[in-house]
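Report on the following structure.
The values are calculated or read from the model by the stated rules, or taken from the named source; none is laboratory data. Keep in mind that this is a model prediction, so the values were computed, not measured. Cβ atoms come from the backbone with ideal geometry, glycine included; neighbour counts cover every protein chain shown. Protein only, heavy atoms only, side chains kept; ligands, DNA and RNA dropped before computing areas. Shrake-Rupley method; radii C 1.70, N 1.55, O 1.52, S 1.80 Å.
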Amino acid sequence: MQRSTYPNPPPAHSPPLHHPVPQHVSTVPQLRSPPPPQPPSQPHSAYGFSQQQQPGPAPGAGAYGAYPNFGGFMNDPTAQMGFQIGKSAVDAGQQYVEQNLGRFVSVSALKHYFNVSNSYVVNKLYIVLFPWWHRPWSRQQRLSNNGQDGYYLPPREDINSPDMYIPMMALVTYILLSTLLAGLRGAFHPELLGYTATLALSVMLLEIAVIKLGTFLLSISSSSQLLDLLAYSGYKFVGVIISTLLSEFLSLFLGHRAAIAWIVFLHCYLANAFFLLRSLRYVLLPDQSAGATPGQGYTVARGQRNRRTQFLFVYSYLVQFGFMVWLSRV
């Protein structure tokens, strides 16, 4: 088989290829590494002002001179006059509160009950929940400068001294916990806060009225103050909070209130009753000689002492049981 011949032989060299030339030329930016950081020559303040830009405090500017002037606002006479008026209003309000509060209770005496420490709070809570192993129960006293008058040590220095910090925190916690549990059950309404607070305060006031009536009928004269009784009446909320939390926890996971919840309630109730029984002895049973240290009491007859012991037992066990059951059902 022979190949067909072409009339025109192919050229010896083929024409060169032409590549398309782009009409729009794009320039690729050259990437360069950033320059090394330079150490700051001058420290800057928290507001972004350098030390050279912060003018010194103007005379009479007070503590406001430590901050930037923000365009001279702090140095404005009108602003300074406004600060002076606000300070005078705050001082007048504080003085008014102290004067009106002093009609009912001494502010210095109230500060005595809040003079606590972290170690005192922890140890006091342990005594309230497990009082059977605590010794001793007597309150410590200290003589004044004249060597004749005595006064009780603050809670920070005496573990047996009553305080207002734990009862107040327990009262607030009880109110918030009751409303929280009601919200989890779908029964919360705004009036529940006021109702729970009113119930708790009413229980405390009724308890104080009971013990004051008992001291009046039994002719008990003691150096204890009303704030002591108010403090002792607030310790029951610690046991109520623990028993309520455990009861709701068991009812949430087990579907019913188990017997262990009642065991915990009885433990908290018996602990609170024994705690009050031993702590209130210096109020209801001041059985010391007349020549003892001032504020320690006097000798009473045997029959009167028996009546006081019975009243203390009824108050610590029967009255407290009714109040704690009432508070736990909220």
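Backbone geometry of segment 237-251 corresponds, through the Karplus equation with coefficients 6.51, -1.76 and 1.60 at θ = phi - 60°, to 3J(HN,Hα) couplings of 5, 5, x, 5, 5, 5, 5, 5, 4, 5, 5, 5, 5, 5, 5 Hz, x marking Gly and Pro. In straight-distance terms, cross-link reach from Lys212 covers every one of the lysines whose alpha-carbon lies under 30 Å from its own, apart from those fewer than eight places away in the same chain; here that gives Lys111, Lys124, Lys236.
Packing, as the average of other Cβ atoms within 10 Å across residues, places the peptides 118-125, 138-145 in the order 118-125, 138-145, highest first.
Using the Cβ-Cβ distance between Ile260 and Leu153 with R0 = 51 Å, the FRET efficiency computed as 1/(1 + (r/R0)^6) comes to roughly 0.80.
Between Phe321 and Leu213, what is the label-point separation in nm under the 7 Å Cα-to-beta-carbon projection? Using points 7 Å along Cα→Cβ, the separation is 2.0 nm. Each label was represented as a point 7 Å from its Cα along the Cα-to-Cβ direction; for Phe253 and Phe114 these points are 3.8 nm apart.
Note on Trp326: accessible area is roughly 120 Å² with a 1.4 Å probe, heavy atoms of protein only. Highest mean packing comes first when the peptides 175-185, 233-243, 77-87 are listed by Cβ atoms within 10 Å, giving 233-243, 175-185, 77-87.
Between Lys87 and Leu125, what's the calculated FRET efficiency when r is the beta-carbon distance and R0 is 41 Å? Round to 0.05. According to the calculation, E is roughly 0.55. For Thr198, the accessible surface of its heavy atoms amounts to roughly 80 Å² (probe 1.4 Å, protein chains only, rounded to the nearest 10). Computed over protein heavy atoms with a 1.4 angstrom probe, the accessible surface ordering of Arg278, Arg156, Arg135, largest first, is Arg135, Arg156, Arg278.
Note on surface exposure: Tyr165, Tyr113 rank Tyr165, Tyr113 by accessible area, highest first, 1.4 Å probe. Of Glu207, Glu248, Glu191, the order by accessible heavy-atom surface (1.4 Å probe, DNA, RNA and ligands excluded), from most exposed downward, is Glu191, Glu248, Glu207.
Other residues whose C-beta falls under 12 angstrom from the C-beta of Asp158 contribute a net charge of +2, scoring Lys and Arg +1 and Asp and Glu -1.
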